[in-house]
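One structure is given below, encoded as structure tokens.
The values are calculated or read from the model by the stated rules, or taken from the named source; none is laboratory data. Bear in mind that the values here come from a model prediction, so they are computed numbers and not experimental data. Here the Cβ is made from the backbone with ideal geometry for all residues, glycine too, and neighbour counts use every protein chain on show.
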Amino acid sequence: MSTIEQDLVTTIDRIAADHCDRAAREQAEKGQWPAALWQALADVGLTAATVPEAHGGPGLEFDDAMAALRRSAYHALPVPLAETFAAARLLVAAGLIVPSGALTVAQGGESEPLQLVERDGVLRLTGIARRVPWGGQCAATVVVARLDGREMLAVVDGAAGFVASERNLAGEPRAMLEFDRAAVLAAAPLERASARLAEEGALMRSVQMTGALSRSLEHAIQYANERIAFGRPIAKFQAVQQMLAVMAGHAAAASAAADFAVERSAEETNRLAVSVAKSRVGEAAGRGAEIAHQVHGAMGFTHEHNLHWSTRRLWAWRDEFGGDAFWQMQLGRAAAVVGADALWTFLATMSAPSLEVAA
């Protein structure tokens, strides 16, 4: 761990201790915006971690920003840090100014994409976006929309189009936004905009899941050493040791896959690497959460125990921005296109020139 990464981890640990206790998490799940927590992150520049220095950001390396995101997920911070990071990267890629404050991302359905209409030189946004993370609570929403058949990246006010909000399994808000000629604050064309949004989201969720999985493993190990059965800690039983070893293996593999995707996606998301990460981390999330609850027994399913702050996020995040099956399909299609003769090179390098995996 580099000095910068260690400093980031220490800073997030301190902010979590000061602003993210059980009461703060419970209030966030009831719909209260965690203003103090977000402000504390903003005060040290973490909310702009993926904004390059040339665009007014702190100039952090991408892997350092992802280390901060991983640690925020380790503490189950109830803020749209991943969405803000993804939105900022998309805006920078499109050459647009990154607004201050919390950001989220949205797009329409595959058959009903959001549409931009230009009249008298003014752009308006129309269409419906469903299950938008933290929709209605952010300063701005970054959307992918079409203008005369061309994909564009557009920015609208965060309150625009808000209809209703529900919660994912982790208690995080997921809103429906219905835009009816909503004012567009800025817009620019972005090649592969829809695919890039999905890739950025999948990459961020992969990194977050490694943080939540690490915390779940720590909970399981701690509980196994504290819980006494037949006169000794259950961690002394071979069956429990085997379960913890399997979980640790999944956590290590997930971390390696996410690190690989982060390394390959510093400048622009590498779809193949992201496919590997979201697939492998999603698998690890499901198996890891299962083992963690098995080790805890009935105690792990209570609201009083802290385990659920991590495992509910694992279950929710693995399905967002494409589940395991979707990203595994991308890898399968890529391997089929490459062909048998080049398969080993493809697997060894995770690169296929001129290959565009279907979005």
* **Pairs, first at pLDDT 95 or above in the range 229-246, second among the small types (Gly, Ala, Ser), C-beta under 7 Å, six or more apart** => 233/224; 234/224; 235/224; 240/224; 241/235; 244/220; 244/224
* **Yes/no for residue 349 being closer than 30 Å to residue 52 by Cβ and buried (at least 18 other Cβ atoms within 10 Å of the Cβ)** => no
* Asked: Condition test on residue 78, is it farther than 22 Å from residue 187 by Cβ and either assigned by TED's automatic domain parsing to the domain that holds residue 210 or touching an Asp or Glu at 6+ places or on another chain (Cβ under 9 Å) (or both)?
  -> yes
* To do: Identify the residue in the range 249-268 that is among the acidic types (Asp, Glu) and surrounded by fewer than 17 Cβ atoms within 10 Å (Cβ to Cβ) and, among all such residues, is farthest from residue 205 (Cα to Cα).
  => 267
* Test: residue 216 is closer than 21 Å to residue 20 by Cβ, among the hydroxyl-bearing types (Ser, Thr, Tyr) and in the same structural domain as residue 331 (by TED's automatic domain parsing) -> yes
* Asked: Within the set of pairs 6+ apart or on separate chains, which have a first residue in the range 93-107 that is under 15 Å from residue 52 (Cβ atoms), a second that is among the small types (Gly, Ala, Ser) and in a helix (DSSP H, G or I), and C-beta atoms under 8 Å apart?
  -> 94/193; 98/48; 98/87; 98/88
* From the set of residues in the range 134-157 that are surrounded by fewer than 23 Cβ atoms within 10 Å (Cβ to Cβ) and of a type in the set (Gly, Ala, Ser), which is nearest to residue 47 (Cα to Cα)? -> 139
* To do: Tell me the strands (runs of 3 or more DSSP E) entirely within the range 143-243 that contain at least 2 residues that are of a type in the set (D, E, K, R).
  => 150-157, 162-167, 173-183
* Test residue 49 against the stated conditions and say whether it is in contact (Cβ under 8 Å) with a residue 12 or more places away in the chain, within 27 Å of residue 257 (Cα to Cα) and out of contact with any strand residue (DSSP E or B) (no Cβ under 9 Å at 6 or more places or on another chain). => yes
* Check off (1) crowded, with 17+ Cβ neighbours inside 10 Å; (2) closer than 30 Å to residue 214 by Cβ for residue 131 and give me the number that stays unchecked. => (1)
* Which members of the range 296-352 meet the condition of being of a type in the set (Asp, Glu) and without any contact (Cβ under 8 Å) to a residue 60 or more places away in the chain? -> 304, 319, 324, 341
* Among the helices (runs of 4 or more DSSP H) contained in the range 288-355, which hold 1 or more residues that are out of contact with any strand residue (DSSP E or B) (no Cβ under 8 Å at 6 or more places or on another chain) and modelled with pLDDT of 95 or more? -> 307-317, 324-338
